[in-house]
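The values are calculated or read from the model by the stated rules, or taken from the named source; none is laboratory data. Bear in mind the structure is a predicted one, so any value in this text is a computation, not a measurement. Heads up, the Cβs are rebuilt from the backbone with ideal geometry, glycines too, and the neighbour counts pull from every protein chain shown. Remember, those area values only see protein heavy atoms, side chains included, never the ligands or the DNA or RNA. Shrake-Rupley method; radii C 1.70, N 1.55, O 1.52, S 1.80 Å.
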Amino acid sequence: MTSAASENPKTPADALPKSWDPSAVEADLYQGWVDAGYFEADPASDKPGYSIVLPPPNVTGSLHMGHALDHTLMDALSRRKRMQGFEVLWLPGMDHAGIATQSVVEKQLAAEGMKKEDLGREAFVDKVWQWKAESGGTIQGQMRRIGDGVDWSRDRFTMDDGLSRAVQTIFKRLYDDGLIYRAERLVNWSPVLQTAISDIEVKFEDVEGELVSLRYGSLRDDEPHVIVATTRVETMLGDTAVAVHPEDERYAHLIGTTLEHPFTGRAIPIIADDYVDPEFGTGAVKITPAHDPNDFEMGLRHKLPMPTIMDKTGKIADTGTQFDGMDRFEARVKVREALAEQGRVVAEKRPYLHSVGHSERSGESIEPRLSLQWWVKVDTLAKAAGDAVRDGDTVIHPTSQEPRWFDWVDDMHDWCISRQLWWGHRIPIWYGPGGEVECFGPDDTVPEGWEQDPDVLDTWFSSGLWPFSTMGWPEKTPELEKFYPTSVLVTGYDILFFWVARMMMFGTYVAGDGSAQGKVPFRDIFLHGLVRDQFGKKMSKSRGNGIDPLDWVDRFGADALRFTLARGANPGSDLSVGEDHAQSSRNFANKLFNATKFALMNGAAPAELPDRAQLTDADRWILDRLEQVRSDVDAAFDRYEFSKACEALFHFAWDEVCDWYLEIAKVQFAQDDAVSDTTKAVLGNVLDALLRLLHPTIPFVTETLWKVLTGRESVVVAEWPEASGSASDPVAAQRIEDMQRLVTEVRRFRSDQGLKPSQKVGAVLHGAVDADLERQLPVITSLAKLTEPGEGFAATASVEVRLSKATVTVELDTSGTVDLGAEKARLEKDLAAAQKELAGTESKLSNEAFLAKAPDAVVEKIRTRKQVAGEEIERISARLAELGNV
């Protein structure tokens, strides 16, 4: 009969699954957090506020590795601050993505044989809203998959009514202040999309084109002429000057004269400008002010005519030549051929590799084109954004990025804010029947019969208001009072100018009129680097090296994705990731799960600890190490050094808790009840704190384990570990370090001999008392798999280890188990290393120049190393002599 006492009682470990399977629990855990309201922020709370606004992803977008990094870091910051007792608002939302979204819907219409013009503007915009409701926001489901702890009750969209009101309000204020104007200036023009596009939507690619050198003026060398070169020969139809350097003697006689345009008959003046490099090419350049940024600036300086030679589709127009109506690329060929027929083509270089801007959305090469657009005058706004960083109101992490910030904001050009689209915030300018032009705000009444400007605003205009418009500005709301300015902006350094600068300009502007408290939209700017592949290459479709973060979630779990990214993230630095990294992170989650389950099976649980004097050396050591790691992790988080925080936690959990303390705990569990119970409490407390420290980066596995370990509600709302207040015990730490070194050396010896890990060997230890390791003997014998010497014990091998206080010798009876040849090979390897160390130290100590410069402490350390190396050589040589007699 089996007694009831002999049956295995159930333990908390039984509440855990057999193994860690993220896919089985992640979705339910996340929904449970949302349903419990853990992520909802209360502006009426007495807690200090902490806020982050999510950089709004495009409504058309899907989660890529850059997003996953952004979101992981923001979530880690938010979760930690919530645990530290802050009222946390992490506000989500999406950007309406004017060009991208309109393109998606236009493609759908094209598949039905329709154009947007067939529907009309109002019906087309309705169609886009319908698409957004049915298909937009894929990324929000993906955000849930990776554990984003955002306040979904405050989800925002840049075209929402409230945000539209903010857009109209700030537009009118800027317009009334003379900071918004309309002018004909050069823009990036997309002939396919038929709109101006921003610099960030232009991607430069090297293409094989041609460099054509053409001749203006006489075809005779002894008569006035100049030779210029161009990769876009069709633009010569819009040439209005040829420029040379004012001190270039070759052309001094031509400055102020004119040459006839070969197709239009227009007089082309020869002008002098310092911009021209006389050493480059022929020292003469053609000037097409309406189709080249540098030429445009020169045209302004010299008051040149600026004829636009292409229509909005990229066809040649209004030149009065045979090329009108031709596509720009067709005209490139025809113009060159016509020039050649006239004898004006001096040289052709083909292929000619050069960099050309292309539309990120439509793929075609961008055409610099003079166009009537709306602009923001940025000088005062940019200065305020720069001063905010100079004055310390906003701090950029890392500070090494500050020079880039100042380069941009101190030399910023006026911003083109109009787009020739139908989807977006319509520019709030109306035109009256009598030629009146008026800007109307959201509360103004537009007179009957007035027509609104057809253009919409650049997407970056509305997203530039994101930190305060999402909290209800221009109204004075509890959210603005509690959470604005926001605490930190987390984003990549690659959009520091395009988005961050605009938010800073608008944030400082609204602060200036008193409608938003604080001088800046965020106190810190944390700039991380790019996510690259495992070889350091930038991820791209063309390389085929992109990684779908959701694929990693499916295969390895969300925690593995998050920990991989956070572990590589430091301010301003790129990070390389590959599948090996994700597998390592998954293994870490498994290790944590198995260790905690083992602890639970053995009764470990958080509990109040007895006085430190009653703890073992190992207990005090692991608690002190926990305190140091907690301090290091806090410091790293506060500096946005996620990599350092994750590295500290990884190595503490794996190398110290799992590899050492758990093994020591097995020994202490078998001792008297007082030691066993204390060990269970220490292990429980260590795991409790460790799981809380890890929760911001790996929330799912830590939630699963912590709830079972503590029996409490959720680690999401648990307290962040605080300083223990206990003085560290360096003596205990030294004993444990000596024990670890001794065990490691014995294990290395056993491995060299080919002994099985579980095989026990009789042994006698000499010097343990002198080494202050007497209390560690049970642990040493257990971990090194040593037993008391039996009858007839005869030492056949020994391991000598120099420790902090003395040398410990472990004599082992390895009869029939030790490979003497292997031991000899090991000793010879150690001897060579000791001899190399001795030679190196002697070399430095005999170098007079080194001794003259080196600090006394360094020299003394080298002398000690020399002495130790000499003693090691003597010891190993003696053992080798013994083996020679066997």
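Data overview
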item	result
Cα gyration tensor category, rounded, prolate or oblate, for the stretch 212-292 with a/c compared to 1.5	rounded
Heavy-atom accessible surface of the stretch 145-187: percent carbon and sulfur, 1.4 Å	39
For the stretch 246-356: relative contact order, % (alpha-carbon pairs under 8 angstrom, 6 or more apart)	12
Probe 1.4 Å, protein heavy atoms only - accessible area per residue of the stretch 764-843 in square angstrom	52
Cα gyration tensor, the stretch 293-423 - rounded (a/c under 1.5), prolate or oblate	prolate
Computed Rg/Rh of the stretch 679-832, alpha carbon atoms with Kirkwood Rh	1.13
For the stretch 762-767, 3J(HN,Hα) per residue [Karplus equation, 6.51 cos²θ - 1.76 cosθ + 1.60, θ = phi - 60°, Hz, x = Gly/Pro]	x, 8, 10, 9, 10, x
For the stretch 118-197, average projected area of the Cα convex hull in nm²	9.1
Distance histogram for the stretch 13-156 (every C-alpha pair counted, 10 angstrom bins, percent rounded to whole numbers)	10, 31, 27, 19, 9, 3, 0
The stretch 276-368: equivalent-ellipsoid semi-axes (sqrt of 5 x gyration tensor eigenvalues, Cα, Å)	21, 19, 17
Accessible surface of the stretch 813-886 [probe 1.4 Å, protein heavy atoms]: carbon and sulfur percent	53
For the chain, size of Cβ-based charge dipole, Lys and Arg +1, Asp and Glu -1, in debye	1420
Förster radius 51 Å - calculated FRET efficiency between residue 719 and residue 475, Cβ distance, rounded to 0.05	0.90
The chain: radius of gyration over Cα atoms, expressed as a fraction of 2.2 N^0.38 Å	1.26
Cα-Cα separations in the stretch 140-269 greater than 21 Å, expressed as whole percent	70
Where 309, 873 fall by accessible area, highest first, once all protein chains stay in place (1.4 Å)	873, 309
Neighbourhood charge, 9 Å Cβ-Cβ cut-off, centred on residue 41 and excluding it, Lys, Arg +1 and Asp, Glu -1	-3
Cα-based equivalent ellipsoid of the stretch 691-772: semi-axis lengths in Å, sorted from largest, via gyration tensor	39, 21, 10
Rough spin-label spacing in nm, given labels placed 7 Å along Cα→Cβ, for residue 494 and residue 207	2.1
Under-16-angstrom lysine pairs by C-alpha in the stretch 567-709, whenever the two are 8 or more apart or on separate chains	4
Heavy-atom surface of the stretch 362-462, accessible at 1.4 Å and reported per residue (Å²)	43
Ellipticity estimate at 222 nm from DSSP helix runs (n ≥ 4, -39,500 (n - 2.57)) divided over the chain, nearest 500	-13000 deg cm²/dmol
Lys, Arg +1 and Asp, Glu -1 on Cβ, resulting dipole of the stretch 751-886 about Cα centre, debye, nearest 20	480
For the stretch 414-481: rounded, prolate or oblate by the Cα gyration tensor [a/c cutoff 1.5]	oblate
Per residue, the convex hull volume that the Cα atoms of the stretch 420-544 enclose (Å³)	157
